[in-house]
Every structure is written in C-alpha cells, then in structure tokens.
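The values are calculated or read from the model by the stated rules, or taken from the named source; none is laboratory data. Please read these numbers as outputs of a predicted model, since none were measured by experiment. Reconstructed Cβ throughout: ideal geometry from the backbone, glycine too, with neighbour counts over all protein chains shown. Remember, those area values only see protein heavy atoms, side chains included, never the ligands or the DNA or RNA. Shrake-Rupley method; radii C 1.70, N 1.55, O 1.52, S 1.80 Å.
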Amino acid sequence: MNINLTLIGQSITFAVFVWFCYAYVWPPLINALTERKKQIADGLAAAERGQHEQELAEKKATERLKDAKGQASEILAQAQKRATEIVDEAKDDARTEAERIKSGADAEIEQEVNRAREHLRQEVVTLAMAGAEKVLKREVDATAHASTLNDLAAQLK
Amino acid sequence: MSGEAQTAGEYIKHHLQNLTYGKFPDGHWGLAETAEQAKEMGFMAIHVDTMFWSIFLGVAFLWLFRKVAKTATTGVPGGLQNFVEMVVEFADGSVKGAFNGRNPFIAPMALTIFVWIFLINAMDLIPVDWLPLAATFIGQHVFGMDPHHVYFKVVPSTDPNATFGMALSVFMLTLYYSFKKKGAIGFASELTLHPFSSDNKVLQLVFIPINFMLEFVALIAKPLSLSLRLYGNMFAGEMIFILIALMYGGGWAIGIFGGFLHLGWAIFHILIITLQAYIFMVLTIVYMDLAYQVPEEH
C-alpha cells in the first residue's frame, strides 16, 4: 500500500467520469423523468377535467330531457284541446247544416202541401161542378156561377 | 492457490500486492517484480491493476447509462431504462434531501460516486483467485513474465490510492465551493472564529490559533475519514475473503466449511459494498452542503 501516482490518476479519472456523467448522462435521464412526471400530472388533471365535464354533460342532458318531456306534454295538451275544438266545430257545423236541410225540407213540404191543397181545390171545384151538374141535371153556366163556386171553393181550407 | 510452494503468508502478501509500473531507482521504467521493488519506486509509480479496473468499471457504468440516456423516452420505460431511472432518482432524491444549495453538478457527481464505487466494491465478490490467476496466465504467456511476480489486486477500493484519490477530488471541490460561496475572508473566518469567540479583542486574538487548530483538523479529517472508511471496510472484507480462500487448501472438511463461510460472507458483503458506496455518496453530498452553508453572523 504505497501512495504513488495512482492517487493522482484516480483523482483525474474521477473528475473525468463525474464530468462525463454531468454532461452526457444526467441531463437526458433527468429530463425524461421530469417530462414523464409532467405528463402523468397532466394526464391526471385531464382525466379529472373529463370526469367533471361528463358530470356537467349528464346534468345538461337530464335537463334537456326534462324540457323535452315538458314540451311534449304541452304539445299533447294543445293537440287535445285543438281536437275537441275541431269536434265541437264539426258538431256545430253539422247542427246548422241539419237545421238548414230541415228548414229546406219543411219549406218543400209546405209547398207540396200548398200544391196538393190547390190541386184538391181544383178537384173539389170540378167535383162540385160535376155534382151540381148532376143535381141540377142541366148545364150550368160555369162562367155565370164561377164567382159563387170560387167562394165555395175558398171556404174549403 | 497460485504457486506450488507458497506459504499462507506469501499467499496473502501476493494477494495484497498491486501490479506496479514505475521508475526504478536506477532511472528506467518498468513493472516491479517484488513488493520491495514496488516500495523503492516511491511516488513515481502507478498501480496498473487499480487504474485498469477503476477505469474499466467507470467506463462500463458511463457506457450503460449513456446508452440508456440516449434512448430515454418519456413514455413507458423498458426494463433497463426503468432500472437506470431508479438509480438516478435514488441519487437525485439523496441530493435533494441533504443538499440545500442550488448546483446542477452535485447530483450527477453523487450518481457517479454511488454507481462507480458500488461497481468497484462489487469486484470483491468475484472469488479472490480467479482474476489474479487469469492475470498470471496472461502475464506469463503474453508478456513472458515470471508467474510468481505477476501481482494483481482486483478491487481498486482496497488500494488507498483509489479511495484517497476520490476523496481528494471531493475535498478540492468542497474547498472550491467554500471559497466561491463564502469568499476567502468568509472561509478564513469560518476556520478561525469558531468554536471559541469573544467580544474582547485580545481574547479573540488568543482564540484564533486555537480555533484554527481545531477547525483545520476537522477540515482535514473529512477527506481522510471519507477515504479511510471505504478503504478500511473493503480491505478488511477482501482480507477475510483471502483468509477463507486459504481454507480451501486445508483438506476436505475445512474446505467445505470454508465454502459455507465464503457464501455467508459474500452475502453479507453485498450489504457492505452497497452501504459503503451509499455512505461515500451521502458524505460527499453533506460536505458539499457544508461548503455551501454561509455562516450566520456572530
């Protein structure tokens, strides 16, 4: 165990190794480590943010759903209301139409009745004439007694 | 055992001798053939085995980590990258925990110290004769050396030169940062105005040399304890491995007993080599932190 030049050689070797490590080995490794640490931290933060956003989206979705349901029921109610309205209108229309048809029919019946009565009146006149002819056994001047007969006929009402 | 007629003492001595290349007293350079020759070379010599293994392991460490660093992705890391990142985070965490200043140089240094010393210490786990025998074989057949004179010590941290060298570099750095952060006057006052101080000027003058003695010893003790702790632990561990290895030459029963001892000590030693590397790293960080601390006013 003699102390000799090895001492200085070792010191120089040591210095060179430390320098090499400092210059070429340490920086890339420690950079990779810090970079990865940062990436992991970022990833975790992003995951948290994503979760938060998902929660928000879910909340929003339920809100939308609720809105939609509300709107749908509103629309349904309106539709129902409209439907009853339409039915009512149709009923009214039908009623007026029926009234109209009925009044038309009434008028026609009246006309018919009048016509029939007129006809009957004529018939009665003729019959009366024929009867009178038969009763009188002679020719009655129809024109001379027309007014009398017409009065008679008029009494037939 | 490497050698036919080796005694136990020779075996141990052979294992504790570095392969030394240096300047002989007569002026020519060459490999020392005996421990005495290595001693005679004095300071102008270099331990080839220590330098080889420490550089080899350091390069292996840097090559592996550089390879991973070049392809490091921020995505899902592969197995090797995962391992490297674990070590890097460990060193980074240690620095963040103990070092309060801001210096991007400290963490890579801590990483280098930890991994390099760990690898160097781990050489202790390779059975004590394998690499020296391989070295003897190569020395004998490639370089034509006398096999008895091929020394090979594979654990650089059992060579005080290695541990002192590292501690010296750390010490220089602490001095540098102390001067840089505190200034020459701040550093000098730190060495001379503690732990005794007085408002009385005369008394203060008396205290200065005493303080300096105490603080200077404390200052010098830092690199010394740093290196001697590592050296002592590893040297003792290596010594025990060598002693256990001696048992293999003592017959069947002792050999098998030695095998169990070897296994047990090796498992225990895994803890020691990691712990020593960790201690060296943490103490370096702490010394750097002390260098960065600007003293509060008195």
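Only one residue in A:29, A:33, A:44, A:5 is in contact with a strand residue (DSSP E or B) (Cβ under 7 Å, 6 or more places away or on another chain) and hydrophobic (A, V, I, L, M, F, W, C). Which one?
None of the others qualify; the one that does is A:5.
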Worksheet item: Can you pull out the residues in segment B:100-123 that are surrounded by 22 or more Cβ atoms within 10 Å (Cβ to Cβ), farther than 29 Å from residue B:265 by Cβ and not small (Gly, Ala, Ser)?
Response: B:106, B:108, B:109
Item to complete: Find all pairs meeting these conditions: Cβ atoms under 6 angstrom apart; at least six residues apart or on different chains; first residue within segment B:165-181 and within 14 Å of residue B:293 (Cα to Cα); second residue at pLDDT below 90 and open to solvent by 20 Å² or more (accessible area, probe 1.4 Å).
Response: B:181/B:292
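For the subset of segment B:130-151 comprising residues that are open to solvent by less than 30 Å² (accessible area, probe 1.4 Å) and in contact with a helix residue (DSSP H, G or I) (Cβ under 6 Å, 6 or more places away or on another chain), which member is farthest from residue B:37 (Cα to Cα)? Before the answer, list the steps.
Looking only at segment B:130-151, we keep the residues that are open to solvent by less than 30 Å² (accessible area, probe 1.4 Å), and these are B:132, B:135-136, B:139, B:150-151.
Next, only the ones that are in contact with a helix residue (DSSP H, G or I) (Cβ under 6 Å, 6 or more places away or on another chain) stay: B:136, B:150.
On the way: B:136: 19, B:150: 13 Å.
Going through the qualifying residues, I end up with B:136.
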Fill in: Condition met for residue A:51 (under 30 Å from residue B:77 (Cα atoms) and either aliphatic (A, V, I, L, M) or open to solvent by 100 Å² or more (accessible area, probe 1.4 Å) (or both))
yes
Practice prompt. Being at the interface with chain B (Cβ under 7 Å from one of its Cβ atoms) and open to solvent by 30 Å² or more (accessible area, probe 1.4 Å) is the filter; apply it to segment A:9-29 and report the residue that is farthest from residue B:53 (Cα to Cα).
Written response: A:28
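State which residue is farthest from the other protein chains (Cβ to nearest Cβ) when the search covers only segment B:60-74 and only residues that are surrounded by 15 or more Cβ atoms within 10 Å (Cβ to Cβ) and assigned to a helix (DSSP H, G or I).
As a first pass, look at segment B:60-74 and keep what is surrounded by 15 or more Cβ atoms within 10 Å (Cβ to Cβ): B:61-62, B:64-66, B:68-69, B:72, B:74.
If we keep only those that are assigned to a helix (DSSP H, G or I) too, we end up with B:61-62, B:64-66, B:68-69.
On the way: B:61: 8, B:62: 5, B:64: 9, B:65: 5, B:66: 5, B:68: 7, B:69: 4 Å.
Of everything passing the filter in segment B:60-74, B:64 is farthest from the other protein chains (Cβ to nearest Cβ).
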Response to the item:
Every listed condition ((1) under 30 Å from residue B:272 (Cβ atoms); (2) open to solvent by less than 30 Å² (accessible area, probe 1.4 Å); (3) in contact with a helix residue (DSSP H, G or I) (Cβ under 6 Å, 6 or more places away or on another chain)) holds for residue B:168 save (2)
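Scan B:253, B:291, B:221, B:245 and give me the residue that is modelled with pLDDT of 90 or more and small (Gly, Ala, Ser).
Values: B:253 fails: modelled with pLDDT of 90 or more; B:291 fails: modelled with pLDDT of 90 or more; B:245 fails: modelled with pLDDT of 90 or more.
Exactly one of B:253, B:291, B:221, B:245 is modelled with pLDDT of 90 or more and small (Gly, Ala, Ser), namely B:221.
State yes or no: is residue B:170 among the aliphatic types (A, V, I, L, M) and within 14 Å of chain A (Cβ to nearest Cβ)? Steps first, please.
Values: among the aliphatic types (A, V, I, L, M): yes; within 14 Å of chain A (Cβ to nearest Cβ): yes.
Yes.
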Practice prompt. Working carefully through the options B:247, B:239, find the one that is surrounded by fewer than 16 Cβ atoms within 10 Å (Cβ to Cβ) and within 30 Å of residue B:129 (Cβ to Cβ).
Written response: B:239
Worksheet item: What number goes with the only condition from (1) surrounded by 20 or more Cβ atoms within 10 Å (Cβ to Cβ); (2) in a helix (DSSP H, G or I) that residue B:18 does not pass?
Response: (2)
Practice prompt. State yes or no: is residue B:126 more than 14 Å from every other protein chain (Cβ to nearest Cβ), open to solvent by 50 Å² or more (accessible area, probe 1.4 Å) and under 30 Å from residue B:265 (Cβ atoms)?
Written response: yes
Worksheet, complete the sentence: When segment B:28-53 is checked residue by residue, the ones that are of a type in the set (A, V, I, L, M, F, W, C), facing chain A (nearest Cβ under 7 Å) and surrounded by fewer than 17 Cβ atoms within 10 Å (Cβ to Cβ) are B:43, B:44
Worksheet item: In this structure, does residue B:171 turn out to be in a helix (DSSP H, G or I), out of contact with any Lys or Arg (no Cβ under 8 Å at 6 or more places or on another chain) and of a type outside the set (Ser, Thr, Tyr)?
Response: no
Worksheet item: For segment B:172-201, what are the residues that are open to solvent by 80 Å² or more (accessible area, probe 1.4 Å) and closer than 19 Å to residue B:286 by Cα?
Response: B:172, B:176, B:179, B:180, B:181
Item to complete: Could you figure out which of (1) more than 7 Å from chain A (Cβ to nearest Cβ); (2) at pLDDT below 90; (3) loosely packed, with under 15 Cβ neighbours inside 10 Å; (4) within 20 Å of residue A:14 (Cα to Cα) isn't true of residue B:56?
Response: (2)
Item to complete: Can you run down the residue pairs with Cβ atoms below 6 Å, 6 or more apart or on separate chains, where the first is in segment B:6-27 and within 14 Å of chain A (Cβ to nearest Cβ) and the partner is among the basic types (Lys, Arg)?
Response: B:18/B:153
